[in-house]
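The values are calculated or read from the model by the stated rules, or taken from the named source; none is laboratory data. On a predicted model such as this, the values are computed, not experimentally measured, just so you know. Virtual Cβ from ideal backbone geometry, glycine too; neighbours counted across all protein chains shown.
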Amino acid sequence: MNMDRFHAALLTGGAIAISLAASAASAEPQHFQRLATYPVFLNLPDGVDPTTATTAQGVAASGDGMTLLYSDPARGGIGFVDIADPADPVGDGSLDVGGNPTEIAVGGAYAYVGVDTTGGPAAMAGHVAVIDVDSRVIVGNCAVLGQPNGVAISPGGGFLAVAVDNTVTGSGGLAPLGAGTVAIFTLSAGGTPTNCDAAVSVDLSGLAGFGPVEPVPGRIDINADDYAVVTLQRNNHVVLIDLAAAAVVRHFPAGTADLDAVDTVADGIIAGTGSLRDVRREPDGAGWLGRRLIVTANEGIDGGGSRGFTVFDTRGRARFDSGELMEHLAMSIGHYLEESAEAGGVTPENVTVARYGGDTLIFVSSATGNFVAAFTFDDRLRDALERGAHDDDDFDDDDGRPVRFRLGDTLRLVDVLPTAVGPEGMLAIPQRNLFVVATDVDDEGEGIRSTLSIHSRDARERTYPAIVSRRERSTGAPIGWGALSGAVADPHRRHILYVVNDSFYDASRIYTVNTRRTPARITGFVDLTLDGILKGYDLEGIAVHPDGGFWVVSEGRIERGRRNLLLRVAADGTVLEEIGLPTAYETNFSVRFGFEGVAAWGDKAIVAIQREWADDADDEVKLAVYDPATASWSFVRYPKDPPSSPRGGWVGLSEITAIGGDRFLIIERDNQPGIYATRKVVTEISLAGVEPGPLDEVMPEPSTLPLVEKTVIVDLLPLMRATNGWISDKPESLAVSADRRMLVITDNDGVDGAAGETLLFDLGSLADLM
């Protein structure tokens, strides 16, 4: 197999080829790069506690594209952000809208915000707040007789359409609390609704085969002919409305899809070994692809969700279905949240279509994967399918499945845009070559903040991902991976790394990574087994053993019955030996932050302990040395810096790597992500002339151990911040390649409560850095 590509064959028969290799530099910029990530809590008024919850849900832009407006349900208002310099967004205040804002749209001088003022199941209510963008004054509140959800303005500016939800409780069915509708407002030439007090309501009852009397409209989009498409996600239905006539002109079920080579069991292991049949698509986002084609993001909500996106024509025929593409993409780039395997998988929630220059781009967001995939759609296929939507030709398929249409590679992956946690709103600003993503998860206690990320289509090469995996022959799906926690270079092959994952997954693996090209490739792996049984360690470091195979460390947690272990592992993953610290010492003095990196020191192994144990002085940790010849442990002390983040936290060690002789590199970092981070450094120590000392198992005296000296040689923070994202707190892996280059990899925490980005930094020649 060509390691530079993996291919997903779509049910349409039009093959989609996703090349994750580095794109060739082009004369014209064709790729997006992230310019900034703005945490919206920075837009809180002066004097408000910065830990206050904020949420960026929907996002829109002023007519000139210089100001972003975002709905903030957590604060009950609309926020404004100045993006005159998109690389340096500046908070510009907020406006209370008197309820729970949902979606937002801007047309001309006005912003239109859905505001939910429901007081309970018996008092569903809401309106559209009409806001003068320049003066930031609410000039009108137009009732919609229910809970507003999606909001859209027609391209010509003549209509405002609002999907009016009903209240739904529980899961697995619909609650009979009133039928949803679509409210239509006619806009004056100036942009104000002419029927603010009398919205035209389009009844959606009786259309869907599932829950026909309880339609639940979600997102809405309008084409240039003033036709609206609205999804009924829970009803698995799509409705087309002529806004001028205020009438449903067509509706159709979203149908089902079959999937193969996907993960369907939340067992702690990412594996594309499952199949799904007749999965209801249950689309959430929808967008017009030209005048007569519609693309839906099939998120799922009540046990459905086909984990991809579909192109329908206006007759309701599925012309194109992505099949397993989004699932496989998430697996390959390390953004697959394994716990979602039994639910919606990659959960494609939203979709946006826009023209950038001469290209039609489709943007599909993954709610659980924290990324947006950007595809170009071949205009020749779009035009042909639009023509086919108006006549009875052989496109029609008797079984309702996506029909086959062969036109080469009609859909091409352009970019993967990584986001913070929970991408929700998306906004294309083609006139400025910008694309914006709003993320709505905000949990200050966990270091997660709601953000607006700004991307510009001005790069000639892809900037993300940094690591991808090849397809497994046994499954047909990419190798699943994430939570990379330690690395070592092959001493003889300059482009090969061996990388381990931590206990986020139930299988402990050593991955082989080829860094010869960008992005780097995971080309294979071995699972760790003991006596033939698959083991689930908490691997946090790896080193090449002088006699072949590896030293690997597993972090312990005594209160959970898990010991800190140094493992001798064969090249095939067989655990040859488990080596623990003296039991009495570990039981009495260890804490949850234990073994966190290992390096070979001649025939010995040296292990970094992440944080202070009960017998350590403040801001001192131990390096533990194991001598196989005597089966004994000895120790030295390492001086770490105290925490300096405004959020507090701690500073500890993440990795230790041998660089020859008695010299070692160590990653010293705080546990703070994003703008809270203050310390991520690589230090050098030398053990030349240092004699590690023993410790009494009962009454240790670490102060008698030798204290090593450290020198900071690389500050990783500027490099991490240069990616312009909500950075990880965990640079966890450091390797020095056979040609003496320093490589650092971040841990993405398995995309669980984390953005999910894995970054790989080639810091250059070790000699130059030293």
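At a glance:
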{"quantity": "All positions within the range 553-569 that are in a strand (DSSP E or B), within 15 Å of Gly541 (Cα to Cα) and either among the acidic types (Asp, Glu) or free of Cβ contacts under 8 Å to residues at least 60 places away in the same chain (or both)", "calculated": "Ser554, Leu565, Leu567, Arg568, Val569"}
{"quantity": "Residues that are surrounded by fewer than 22 Cβ atoms within 10 Å (Cβ to Cβ), basic (Lys, Arg) and within 22 Å of the chain's Cα centre (by Cα), drawn from the range 716-770", "calculated": "Arg721"}
{"quantity": "Restricting the range 225-251 to residues that are assigned to a strand (DSSP E or B) and more than 32 Å from the chain's Cα centre (by Cα), the residue that is nearest to Asn149 (Cα to Cα)", "calculated": "Ile241"}
{"quantity": "Complete set of residues in the range 626-639 that are within 20 Å of Leu581 (Cβ to Cβ), touching a strand residue (DSSP E or B) at 6+ places or on another chain (Cβ under 9 Å) and not hydrophobic (A, V, I, L, M, F, W, C)", "calculated": "Tyr626, Asp627, Pro628, Ser632, Ser634, Arg637, Tyr638"}
{"quantity": "Residues being surrounded by fewer than 21 Cβ atoms within 10 Å (Cβ to Cβ) and either of a type in the set (Gly, Ala, Ser) or closer than 14 Å to Ala735 by Cα (or both) - total across the range 512-522", "calculated": "2"}
{"quantity": "Within the range 306-323, considering residues that are in contact (Cβ under 8 Å) with a residue 60 or more places away in the chain and assigned to a loop (DSSP other than H, G, I, E, B), the one farthest from Val416 (Cα to Cα)", "calculated": "Arg315"}
{"quantity": "Selected residue (only one of Arg557, Arg517 is within 32 Å of the chain's Cα centre (by Cα) and closer than 30 Å to Glu461 by Cβ)", "calculated": "Arg517"}
{"quantity": "Filter result (within 19 Å of Thr67 (Cα to Cα) and part of a strand (DSSP E or B)) within the range 425-445", "calculated": "Gly425, Met426, Leu427, Ala428, Ile429, Leu434, Phe435, Val436, Val437, Ala438, Thr439"}
{"quantity": "Residues (farther than 17 Å from Ala735 by Cα and among the polar types (S, T, N, Q)) located in the range 492-511", "calculated": "Ser503, Ser508"}
{"quantity": "Failed item, numbered, when Thr67 is tested on (1) at pLDDT 95 or above; (2) under 20 Å from the mean Cα position of the chain (by Cα)", "calculated": "(2)"}
{"quantity": "Top-ranked residue in the range 523-535 [being closer than 15 Å to Glu578 by Cα and touching a strand residue (DSSP E or B) at 6+ places or on another chain (Cβ under 7 Å); ranked as surrounded by the fewest Cβ atoms within 10 Å (Cβ to Cβ)]", "calculated": "Leu534"}
{"quantity": "Residue that is surrounded by the most Cβ atoms within 10 Å (Cβ to Cβ), among those in the range 285-298 that are part of a loop (DSSP other than H, G, I, E, B) and either on the phi > 0 side of the Ramachandran plot or at pLDDT 95 or above (or both)", "calculated": "Asn298"}
{"quantity": "Yes/no for Ser645 being touching a helix residue (DSSP H, G or I) at 6+ places or on another chain (Cβ under 6 Å), at pLDDT 95 or above and farther than 21 Å from Met742 by Cα", "calculated": "yes"}
{"quantity": "Verdict on Gly63 being surrounded by fewer than 20 Cβ atoms within 10 Å (Cβ to Cβ) and under 21 Å from Gly146 (Cα atoms)", "calculated": "no"}
{"quantity": "Contacts under 7 angstrom Cβ, first residue in the range 594-617 being outside any strand (DSSP E or B), partner acidic (Asp, Glu), 6 or more apart", "calculated": "Gly594/Glu555; Gln610/Glu596; Glu612/Asp618; Glu612/Glu620"}
{"quantity": "Residue count for the range 26-68, restricted to those that are assigned to a loop (DSSP other than H, G, I, E, B) and either among the aromatic types (Phe, Trp, Tyr) or over 21 Å from Asp359 (Cα atoms) (or both)", "calculated": "19"}
{"quantity": "Inter-residue pairs, beta-carbon under 9 Å, first closer than 12 Å to Glu282 by Cα and in contact (Cβ under 8 Å) with a residue 24 or more places away in the chain and in the range 225-243, second hydroxyl-bearing (Ser, Thr, Tyr) and crowded, with 24+ Cβ neighbours inside 10 Å, 6+ apart", "calculated": "Thr231/Thr296; His237/Thr231; Val238/Thr231; Val238/Thr296"}
{"quantity": "Subset of the range 510-520 that is in contact (Cβ under 8 Å) with a residue 24 or more places away in the chain and out of contact with any Lys or Arg (no Cβ under 6 Å at 6 or more places or on another chain) - its residue that is nearest to Trp481 (Cα to Cα)", "calculated": "Tyr511"}
{"quantity": "Residues of the range 196-210 classified as touching a residue at least 12 places away in the same chain (Cβ under 8 Å), farther than 13 Å from Ala254 by Cβ and part of a loop (DSSP other than H, G, I, E, B), total", "calculated": "5"}
{"quantity": "Meets criteria (among the acidic types (Asp, Glu), within 27 Å of Gly660 (Cβ to Cβ) and in contact with a Lys or Arg (Cβ under 9 Å, 6 or more places away or on another chain)) for Glu555", "calculated": "yes"}
{"quantity": "Residues that are out of contact with any Ser or Thr (no Cβ under 7 Å at 6 or more places or on another chain), among the aliphatic types (A, V, I, L, M) and over 29 Å from Leu35 (Cα atoms), drawn from the range 446-487", "calculated": "Ala477"}
{"quantity": "Filtered residues of the range 127-152 (kept if in contact (Cβ under 8 Å) with a residue 40 or more places away in the chain, closer than 20 Å to Pro215 by Cβ and either aliphatic (A, V, I, L, M) or part of a loop (DSSP other than H, G, I, E, B) (or both))", "calculated": "Val128, Ala143, Val144, Leu145, Val151, Ala152"}
{"quantity": "Matching residues, the range 674-730, being closer than 22 Å to Leu743 by Cβ and in a loop (DSSP other than H, G, I, E, B)", "calculated": "Ala677, Arg679, Leu716, Ala722, Thr723, Asn724, Gly725, Ile727, Ser728, Asp729, Lys730"}
{"quantity": "The range 342-360 - residue that is aliphatic (A, V, I, L, M) and modelled with pLDDT of 95 or more and, of those, surrounded by the fewest Cβ atoms within 10 Å (Cβ to Cβ)", "calculated": "Ala354"}
{"quantity": "Some residue of the range 536-549 being surrounded by fewer than 18 Cβ atoms within 10 Å (Cβ to Cβ), part of a helix (DSSP H, G or I) and in contact (Cβ under 8 Å) with a residue 12 or more places away in the chain", "calculated": "no"}
{"quantity": "Selection within the range 731-743 - in contact with a helix residue (DSSP H, G or I) (Cβ under 8 Å, 6 or more places away or on another chain) and either in a helix (DSSP H, G or I) or within 20 Å of Pro639 (Cβ to Cβ) (or both)", "calculated": "Pro731"}
{"quantity": "Filter pass, Thr117 being closer than 24 Å to Pro217 by Cα, in contact with a Gly (Cβ under 7 Å, 6 or more places away or on another chain) and crowded, with 18+ Cβ neighbours inside 10 Å", "calculated": "no"}
{"quantity": "Failed condition for Met326, given (1) in a helix (DSSP H, G or I); (2) farther than 17 Å from Ala286 by Cα; (3) at pLDDT 80 or above", "calculated": "(2)"}
